[in-house]
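Here's the structure, in structure tokens; my notes come after.
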């Protein structure tokens, strides 16, 4: 009895850990974080160039953000910034040095070191110019923090070009756990931002009676386009007010399911473009839209990237698992059930999409049916449904003892690549994988 | 199925990977708690969220994540700007505005100056010491930027016109939508 209870606790723990592991630590393509780096880094650079037009006014000891004033406002100690230690005569030199580092960050030169420096620069400027900050600075600091965690200069960067030139060939994408962590943190942070933006609005009467949208658009100091003609459409104003608050409150729930994600993000893009167009805050509107890249599947970014790089035909050819005779990528129970009648099935498990694509491409001509899944639990479901399954676990680090009954072969496709191999296979493991199946 | 040479031992490497994942998980949980309680601790807030915020506040401050995300909340209201009249050594009087849409380009620069005056507007009048310190800092900057000897500051609050006012032919810049509060005259004080 006690052992059964322990077993249940154990299996529940592993089940939770597997879900947590799959959510946070499945390696993903670094293309997403690389794209975010260019977008957020570009905005950061622009905002710093603008700081440069009034450097001493905003960062000087007796400027708007007077040192004595900030000390008074932060009795527990001023927020850290290297600007506190820069003598006035060095300010301009330090500022241009920072801009130089930011240019390196945008073009992806210097790897993680530049990313961390970009984050330090972002928070140092924001902490020192506290009174002149707004949403833009908040999001830029958030973005650069997560980009400092992720290997964001691995793609779309000078670093990758240099590596490619040195190795005289394309660098294989091995995915990155830290890229996943960074994207997940950014996704959840956006949810927190919108949730609190919505909740805080519930305290105001204007968001209930529908007046808020009008009040925002009729604010002359913000306004960049005269929208007073909307006064003739009061119901539209009220509708937009209600939609805004409903969207903000529901974002954190509706952005996760695939069915609603596109709609939720499209509404966000519309809202932020509106903020840019009508309230003149293009920088804030755009930085929020840039952050949405974290929600775009890396496969979509990958195919857009290929389309831009190679044209339509190539992007189609290489893009998805569906290009191969595979039963499907089984993410849900109903799709897993489709393999029930198959006599012999090879189940490929990997949390890396690119690994699966590679493995499937290699095995596509074999006699077995292939099922690509991205977790052990899905593999177990498939294995229960089919006869004589062969399970191949690719690149999975955690091992769930609950899967002991499956005869799993673990193959690490991340072994060093041998692209100049005579038989065309990239590594010894690739050869083993093929011989295991055929 | 016989195990062949293609099986990789999970031993040491897997141990390190699991350990680093556990470490990352602890960081992720702490970070997310901090990120969540930053806006949750803005008034009105429970004691619990304030206590959690106190625990995380140093981290939030260092990483510049201590934000409420109260955009246009609780509701879009009046905006605050400054008007000033500067007096130079020759006795010339110069009128100016902070921020000034026409003079401050690009728009981001205008917006940064607007945030300065919005901050001044958000300081409660009861916090006299803070308000005075903000005014002193702003006045000194205006004096040094323009080469004035003294400057007279006026706080301008501009409420958005109501729909009824606009329907009756009013404009957003109608004088009755502005209120003015004289803030005093400030002189150059070299430190």
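The values are calculated or read from the model by the stated rules, or taken from the named source; none is laboratory data. For clarity, every value in this text was computed on a predicted model and none was experimentally measured. When we count neighbours, we look across all protein chains shown, and the Cβ atoms used for this are built from the backbone with ideal geometry, even at glycine.
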| request: Tell me which residues, restricted to the stretch A:68-77, are more than 9 Å from every other protein chain (Cβ to nearest Cβ) and at pLDDT below 90. | output: A:75
| request: Name the one entry in A:24, A:17 that is closer than 17 Å to residue A:146 by Cα, part of a helix (DSSP H, G or I), within 10 Å of chain B (Cβ to nearest Cβ) and modelled with pLDDT under 95. | output: A:24
| Single residue of A:35, A:55, A:44 found to be touching a residue at least 12 places away in the same chain (Cβ under 8 Å), surrounded by fewer than 21 Cβ atoms within 10 Å (Cβ to Cβ) and not assigned by TED's automatic domain parsing to the domain that holds residue A:304 | A:55
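Need a quick list: helices (runs of 4 or more DSSP H) entirely within the stretch B:67-183 having at least 3 residues that are at the interface with chain A (Cβ under 7 Å from one of its Cβ atoms), at pLDDT below 90 and surrounded by fewer than 20 Cβ atoms within 10 Å (Cβ to Cβ).
Values: elements: B:107-122, B:128-146, B:163-167.
By residue number, no helices (runs of 4 or more DSSP H) qualify.
Do we find a residue being surrounded by 20 or more Cβ atoms within 10 Å (Cβ to Cβ) and within 14 Å of chain B (Cβ to nearest Cβ) anywhere in the stretch A:85-93?
Of the stretch A:85-93, the ones surrounded by 20 or more Cβ atoms within 10 Å (Cβ to Cβ) are none.
No, the stretch A:85-93 contains no residue that is surrounded by 20 or more Cβ atoms within 10 Å (Cβ to Cβ) and within 14 Å of chain B (Cβ to nearest Cβ).
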| task | Quick one: which helices (runs of 4 or more DSSP H) lie wholly within the stretch A:207-321 and hold at least 3 residues that are closer than 19 Å to residue A:136 by Cα and touching a helix residue (DSSP H, G or I) at 6+ places or on another chain (Cβ under 9 Å)? | result | A:258-279, A:282-291
| remark: Only one of B:6, B:10 is surrounded by 11 or more Cβ atoms within 10 Å (Cβ to Cβ), at the interface with chain A (Cβ under 9 Å from one of its Cβ atoms), modelled with pLDDT under 90 and touching a strand residue (DSSP E or B) at 6+ places or on another chain (Cβ under 6 Å), namely B:6
| task | Could you tell me whether the stretch A:180-191 includes any residue that is more than 7 Å from chain B (Cβ to nearest Cβ) and either part of a loop (DSSP other than H, G, I, E, B) or within 26 Å of residue A:234 (Cα to Cα) (or both)? | result | no
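State yes or no: is residue A:256 modelled with pLDDT under 95 and within 19 Å of the chain's Cα centre (by Cα)?
Numbers: modelled with pLDDT under 95: yes; within 19 Å of the chain's Cα centre (by Cα): yes.
Yes: the conditions hold for residue A:256.
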| note | The condition from (1) in a helix (DSSP H, G or I); (2) modelled with pLDDT of 75 or more that residue A:358 misses is numbered (2)
| Top-ranked residue of the stretch A:161-179 - restricted to ones that are out of contact with any helix residue (DSSP H, G or I) (no Cβ under 7 Å at 6 or more places or on another chain) and at pLDDT 90 or above, ranked as nearest to the other protein chains (Cβ to nearest Cβ) | A:162
| request: Within the stretch A:194-223, work out how many residues are farther than 16 Å from residue B:161 by Cα and either buried (at least 20 other Cβ atoms within 10 Å of the Cβ) or within 7 Å of chain B (Cβ to nearest Cβ) (or both). | output: 11
